[in-house]
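**Student:** Dropping a structure here in structure tokens format, bear with me for questions.
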Amino acid sequence: MSHSQRSDIFLLDAERTTWHDETLWFVRQKRDKAVYATPEFQELRQLASDIKDHTLSRLDFYLQQFEENARRNGVQVHWAADAHEHNQIVLSLLKQHNATRVVKSKSMLTEECHLNPYLIKHGVDVIDTDLGERIIQLRDEAPSHVVLPAIHLKKEDVGDTFHLHLGTEKGNNDPQQLTETARQHLREKFLASEVAISGVNFAVAETGSVVVCTNEGNADLGVNLAKVHIACMGMEKLIPRLSDLSVFTRILTRSATGQPITTYTSHFSKPAEGKEMHVVIVDNGRTKQLGRPDFRASLKCIRCGACMNTCPVYRRSGGHSYDFTIPGPIGAILSPNIDMRKHASLPFASTLCGSCTDVCPVKIDIHTQLYKWRQVLGQAGEIPASKKWSMRLLSRVLAKPAVYGLGSKIARQSLRLLPHGLTHGKGYNPWAVARELPEPPKQSFREWYAQQAVK
Amino acid sequence: MSSSREKILAAVRANQPDELPLPTVPSFEGDESVEKFTSIVQGIGGTVVDVLDATRLPEVIHQLFPADYRIASPLLPEANVPIDAQTSIEVLAAVDLAVLQGEFGVAENGSIWVPEANMLHRALPMITQHLALVLDRRNLVATMHQAYARVPSVGGYGTFLAGPSKTADIEQSLVIGAHGARSTVVLLV
């Protein structure tokens, strides 16, 4: 299925679509308020972009510097070329400790690697502890947003899910009470878990630390109670200096939710006494993207979700319509690198309005990359036949003024004479599904202009 | 495993672009007043209480929290739950209130730097039902730039802690008290 076909499913519920659209726009407005209240925000964006550009240009150095400093801190560093190796490393660490009870805080990387199903298959009880992630884990769904994983659900859905799995009263849809239920339920898991897995927001090369940002405190609670901490990171999470965090902590949450900072911005550098800390550095296609000059800037992403909140297509099609771990505009430029054929429709899920680029806190030229992916996909023959042939026909017509003139004359006449059902046929004119074609003018501009010249 | 390391580093070397400059980050200044800090803390769901004199701390804690609370703190003689890095999870889970020292506050976002050395146990600031952070009013900085300049080393573990634990994962409704402390009060001395 293409993005537009999956969007059709989301759009069946018009009321929910409207709610989704308006809620995300509200988050975008909160972002604006926070951004406008920070006078140097545009300078911070430039600094963040420059720091990331520099880091990517010396990534081999910073990866090794990070590894060396982390090892000096008593942290064990592992390298995974792909998702499978990442999952194997995590499982082997769990086996070393005979651990079957694991809590995991938010990590888009482990989603990308499909770690949960892998661990469950091997008998590990892995529990997502971020509330939104836990909700979708109970429902056996994927996150639909990088920051707001359950934004596609209404409180009634959550109430039903908790009734089914956590024994809350049927019809209890109160967010306060549902959150309290989740707190009690997950506290048991926190207290009993042997290993805690976390994601990584930033990895600081000069100190060998990983930084994890949450509002709920689930990463800190899990990690600080368990015997073993496994932090999983994509290799692009590196930043050179501790002081660079001042830039990134100032832009991350302001861009994401409009908060000035997350409740917990935690720096994990050394394991607590008698405990273990591991960092798994994952490539999984990132070095390939690094080698694509047009697309490497996508590796600067700090996963704030601002491009999703602002995107008119994402807001009205939902995260699941992208069928990729990272949805929205940024997902649409990351996914073709992973599997061009499977995700061929995603770079077309955009109006190229550029709003994503305008809000991106690290200045990724998202809409330009969307446009460039379309060229790559076209050349690779990965666009649908209807689009390919109609574009080929159009380019011939537009190249010859006489053919164009004749064509538009026929079109004007046909629009006037043919029955509405034929010109607005849903099967072959998707443009007209929700729109009316304009009233055809009596003459074209060129005909009118020719008349003026005679006068 | 090490073969993946070599493979990845070789691919990075082959694919990374020519070196681009690393910018110097200026120290953006701003408002570092108690008023600014207080209004931001309140905006993120925390409270600020002016204790004025550190000797009044026990009295203020007594006023703010019920007398039968199980309290963990290196700062109060009234603390009745002894905690150290080896304390069992069961004991930690029963703490109602932790009163800990904050190193300095950041006015632009209401966060307070709490290093491991101030925590008794790394999990205490999160596992406690309620958290009180004692902060010297002279130790306020304006922005994160001055904040990181003040952190000589992040040590083994440390966190910028801003207000109570919260979530908005159910229909974007803000709920205070997700997994960490249900309330965070800043006690200014």
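**Student:** Looking at the structure I just gave you, is A:His320 in contact with an Asp or Glu (Cβ under 8 Å, 6 or more places away or on another chain), open to solvent by 60 Å² or more (accessible area, probe 1.4 Å) and of a type outside the set (S, T, N, Q)? Break it down into steps so the answer makes sense when it comes.
**Tutor:** Working: in contact with an Asp or Glu (Cβ under 8 Å, 6 or more places away or on another chain): yes; open to solvent by 60 Å² or more (accessible area, probe 1.4 Å): yes; of a type outside the set (S, T, N, Q): yes.
Here the answer is yes, as A:His320 does meet what is asked.
**Student:** If you don't mind, another one. Run A:Leu191 past the list (1) under 12 Å from A:Asp128 (Cβ atoms); (2) open to solvent by 20 Å² or more (accessible area, probe 1.4 Å); (3) not aromatic (Phe, Trp, Tyr) and report the number of the one that doesn't hold.
**Tutor:** Of (1) under 12 Å from A:Asp128 (Cβ atoms); (2) open to solvent by 20 Å² or more (accessible area, probe 1.4 Å); (3) not aromatic (Phe, Trp, Tyr), only one is false for A:Leu191: (1).
**Student:** So which residues in segment A:115-170 are surrounded by 20 or more Cβ atoms within 10 Å (Cβ to Cβ) and small (Gly, Ala, Ser)?
**Tutor:** Those that are surrounded by 20 or more Cβ atoms within 10 Å (Cβ to Cβ) and small (Gly, Ala, Ser): A:Gly132, A:Ser144, A:Ala150, A:Gly159.
**Student:** Being among the charged types (D, E, K, R) and not in a loop (DSSP other than H, G, I, E, B) is the filter here; which residues of segment A:416-455 pass it? Talk me through it step by step, then tell me what you get.
**Tutor:** Residues of segment A:416-455 among the charged types (D, E, K, R): A:416, A:426, A:435-436, A:439, A:442, A:446-447, A:455.
Across segment A:416-455, the qualifying residues are A:Arg416, A:Arg446, A:Glu447.
**Student:** Mind listing just one residue for me: the one in segment A:378-430 that is open to solvent by 70 Å² or more (accessible area, probe 1.4 Å) and among the hydroxyl-bearing types (Ser, Thr, Tyr) and, of those, modelled with the highest pLDDT?
**Tutor:** Only one residue tops the list, namely A:Tyr404.
**Student:** To continue, here is another question. When segment A:317-355 is examined, which residues are found to be of a type in the set (D, E, K, R) and in contact (Cβ under 8 Å) with a residue 60 or more places away in the chain?
**Tutor:** Residues of segment A:317-355 of a type in the set (D, E, K, R): A:323, A:339, A:341-342.
The one that is of a type in the set (D, E, K, R) and in contact (Cβ under 8 Å) with a residue 60 or more places away in the chain: A:Asp323.
Residues checked against (1) farther than 24 Å from A:Asn98 by Cα; (2) out of contact with any Asp or Glu (no Cβ under 8 Å at 6 or more places or on another chain); (3) of a type in the set (D, E, K, R); (4) surrounded by fewer than 23 Cβ atoms within 10 Å (Cβ to Cβ):
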residue	(1), (2), (3), (4)
A:Asn201	yes, yes, no, no
A:Val212	yes, no, no, no
A:Asn215	yes, yes, no, no
A:Ala231	no, yes, no, no
A:Leu242	yes, no, no, yes
A:Leu252	yes, yes, no, no
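**Student:** Conditions first: (1) farther than 28 Å from A:Ile330 by Cβ; (2) within 11 Å of chain B (Cβ to nearest Cβ). A:Asp220 passes all but one, so which condition is the exception?
**Tutor:** Result: A:Asp220 passes all but (1).
**Student:** Of everything in segment B:143-189, what is aliphatic (A, V, I, L, M), under 23 Å from A:Leu245 (Cβ atoms), facing chain A (nearest Cβ under 8 Å) and not in a loop (DSSP other than H, G, I, E, B)? Give them in sequence order. So that I can check it myself, show each step before the final result.
**Tutor:** Keep residues of segment B:143-189 that are aliphatic (A, V, I, L, M), which gives B:144, B:147, B:149, B:151, B:154, B:161-162, B:168, B:170, B:174-176, B:178, B:181, B:185-189.
Now restrict to residues that are under 23 Å from A:Leu245 (Cβ atoms): B:144, B:147, B:149, B:151, B:154, B:161-162, B:186.
With facing chain A (nearest Cβ under 8 Å) added as a condition, the list becomes B:144, B:147, B:149, B:151, B:154, B:161-162.
Within segment B:143-189, B:Met144, B:Ala147, B:Ala149, B:Leu161 qualify.
**Student:** Now for a different question. Got a sec? Which helices (runs of 4 or more DSSP H) wholly within segment A:8-114 have at least 2 residues that are open to solvent by less than 50 Å² (accessible area, probe 1.4 Å) and facing chain B (nearest Cβ under 10 Å)? Talk me through it step by step, then tell me what you get.
**Tutor:** Working: elements: A:14-36, A:41-57, A:59-72, A:83-96, A:108-112.
Once the helices (runs of 4 or more DSSP H) in segment A:8-114 are filtered for at least 2 residues that are open to solvent by less than 50 Å² (accessible area, probe 1.4 Å) and facing chain B (nearest Cβ under 10 Å), what remains is A:14-36, A:41-57, A:59-72, A:83-96.
**Student:** For segment A:338-355, give me each residue that is open to solvent by 10 Å² or more (accessible area, probe 1.4 Å) and part of a helix (DSSP H, G or I).
**Tutor:** Passing the criteria: A:Ile338, A:Phe348, A:Ser355.
**Student:** Would you point out the residue of segment A:280-294, among those that are within 21 Å of A:Tyr371 (Cα to Cα) and open to solvent by less than 10 Å² (accessible area, probe 1.4 Å), that is nearest to the other protein chains (Cβ to nearest Cβ)?
**Tutor:** This residue is A:Leu290.
**Student:** Sticking with this one: Could you tell me whether B:Glu78 is in contact with a helix residue (DSSP H, G or I) (Cβ under 9 Å, 6 or more places away or on another chain), open to solvent by 40 Å² or more (accessible area, probe 1.4 Å) and within 13 Å of chain A (Cβ to nearest Cβ)?
**Tutor:** Numbers: in contact with a helix residue (DSSP H, G or I) (Cβ under 9 Å, 6 or more places away or on another chain): yes; open to solvent by 40 Å² or more (accessible area, probe 1.4 Å): yes; within 13 Å of chain A (Cβ to nearest Cβ): no.
Spelling it out, it is not the case that B:Glu78 is in contact with a helix residue (DSSP H, G or I) (Cβ under 9 Å, 6 or more places away or on another chain), open to solvent by 40 Å² or more (accessible area, probe 1.4 Å) and within 13 Å of chain A (Cβ to nearest Cβ).
**Student:** I've got another one for you. Residues that are within 30 Å of A:Leu63 (Cα to Cα), at least 2 per element: which helices (runs of 4 or more DSSP H) completely within segment A:132-225 meet that?
**Tutor:** On the way: elements: A:155-166, A:175-192, A:218-225.
In segment A:132-225, the matching helices (runs of 4 or more DSSP H) lie at A:218-225.
**Student:** I would also like to ask the following. Would a scan of segment B:5-17 turn up a residue that is among the charged types (D, E, K, R) and more than 30 Å from A:Arg292 (Cα to Cα)? It would help to see each step written out before you state the result.
**Tutor:** We begin by selecting, within segment B:5-17, every residue among the charged types (D, E, K, R); these are B:5-7, B:13.
Now narrow it down to the ones that are more than 30 Å from A:Arg292 (Cα to Cα): none.
No, segment B:5-17 contains no residue that is among the charged types (D, E, K, R) and more than 30 Å from A:Arg292 (Cα to Cα).
**Student:** Six or more apart or on different chains, Cβ atoms under 8 Å: show the pairs whose first residue is in segment A:254-273 and more than 7 Å from chain B (Cβ to nearest Cβ) and farther than 18 Å from B:His179 by Cβ and whose second is polar (S, T, N, Q) and open to solvent by 20 Å² or more (accessible area, probe 1.4 Å).
**Tutor:** Correct list of pairs: A:Gly258/A:Gln29.
Let's see how each residue does on (1) under 27 Å from B:Pro164 (Cβ atoms); (2) open to solvent by less than 70 Å² (accessible area, probe 1.4 Å); (3) aliphatic (A, V, I, L, M); (4) within 11 Å of another protein chain (Cβ to nearest Cβ):
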{"site": "B:Asp50", "(1), (2), (3), (4)": "yes, no, no, no"}
{"site": "B:His62", "(1), (2), (3), (4)": "yes, no, no, no"}
{"site": "B:Ser73", "(1), (2), (3), (4)": "yes, yes, no, no"}
{"site": "B:Gln86", "(1), (2), (3), (4)": "no, no, no, yes"}
{"site": "B:Gln101", "(1), (2), (3), (4)": "yes, yes, no, no"}
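**Student:** Checking B:Ala117 against (1) assigned to a loop (DSSP other than H, G, I, E, B); (2) surrounded by fewer than 20 Cβ atoms within 10 Å (Cβ to Cβ); (3) in contact (Cβ under 8 Å) with a residue 24 or more places away in the chain; (4) not aromatic (Phe, Trp, Tyr), which single condition isn't satisfied?
**Tutor:** Of the numbered conditions (1) assigned to a loop (DSSP other than H, G, I, E, B); (2) surrounded by fewer than 20 Cβ atoms within 10 Å (Cβ to Cβ); (3) in contact (Cβ under 8 Å) with a residue 24 or more places away in the chain; (4) not aromatic (Phe, Trp, Tyr), the odd one out for B:Ala117 is (1).
**Student:** Could you give every pair whose Cβ atoms fall below 8 Å, whose first residue belongs to segment A:75-86 and is under 14 Å from A:Val279 (Cβ atoms), and whose second residue is of a type in the set (Asp, Glu), counting only separations of at least 6 or pairs across chains?
**Tutor:** Between residues of segment A:75-86 that are under 14 Å from A:Val279 (Cβ atoms) and residues that are of a type in the set (Asp, Glu), the close pairs are A:Gln76/A:Glu276; A:Val77/A:Glu67; A:Trp79/A:Asp283; A:Ala80/A:Asp283.
**Student:** Also, quick follow-up: Taking the condition more than 14 Å from every other protein chain (Cβ to nearest Cβ), over 26 Å from B:Val12 (Cα atoms) and open to solvent by 10 Å² or more (accessible area, probe 1.4 Å), does A:Cys301 pass? Steps first, answer last, please.
**Tutor:** Values: more than 14 Å from every other protein chain (Cβ to nearest Cβ): yes; over 26 Å from B:Val12 (Cα atoms): no; open to solvent by 10 Å² or more (accessible area, probe 1.4 Å): yes.
When the stated conditions are applied, A:Cys301 does not pass them.
**Student:** Now for a separate question. Restricting attention to segment B:6-27, which residues are of a type in the set (Asp, Glu) and either part of a loop (DSSP other than H, G, I, E, B) or under 24 Å from B:Arg150 (Cα atoms) (or both)?
**Tutor:** Our first condition is that a residue be of a type in the set (Asp, Glu); within segment B:6-27, this holds for B:6, B:18-19.
B:Asp18, B:Glu19, listed by residue number.
**Student:** Further question on the same structure: Which of the residues belonging to segment B:28-44 are in a loop (DSSP other than H, G, I, E, B) and either within 8 Å of another protein chain (Cβ to nearest Cβ) or crowded, with 16+ Cβ neighbours inside 10 Å (or both)? Give the derivation first.
**Tutor:** Start the filter on segment B:28-44 by keeping residues that are in a loop (DSSP other than H, G, I, E, B), which leaves B:28-33, B:44.
Correct list: B:Phe28, B:Gly30, B:Glu32, B:Ile44.
**Student:** When you go through (1) out of contact with any Pro (no Cβ under 9 Å at 6 or more places or on another chain); (2) within 22 Å of B:Gly180 (Cα to Cα); (3) at the interface with chain A (Cβ under 7 Å from one of its Cβ atoms) one by one for B:Ala11, which number turns out not to apply?
**Tutor:** Checking B:Ala11 against (1) out of contact with any Pro (no Cβ under 9 Å at 6 or more places or on another chain); (2) within 22 Å of B:Gly180 (Cα to Cα); (3) at the interface with chain A (Cβ under 7 Å from one of its Cβ atoms), the one that fails is (2).
**Student:** Now, a different point. For B:Arg138, all conditions in the list (1) assigned to a strand (DSSP E or B); (2) more than 10 Å from the chain's Cα centre (by Cα) hold save one; what is the number of the exception?
**Tutor:** (1) is the only condition that B:Arg138 fails.
The values are calculated or read from the model by the stated rules, or taken from the named source; none is laboratory data. Everything quoted here is computed from the prediction, not taken from an experiment. So basically every Cβ, Gly included, is an ideal-geometry build from the backbone, and we count neighbours across all protein chains shown. For the accessible areas, the whole protein counts, side chains as well, though only heavy atoms, and no ligand, DNA or RNA atoms are used. Shrake-Rupley method; radii C 1.70, N 1.55, O 1.52, S 1.80 Å.
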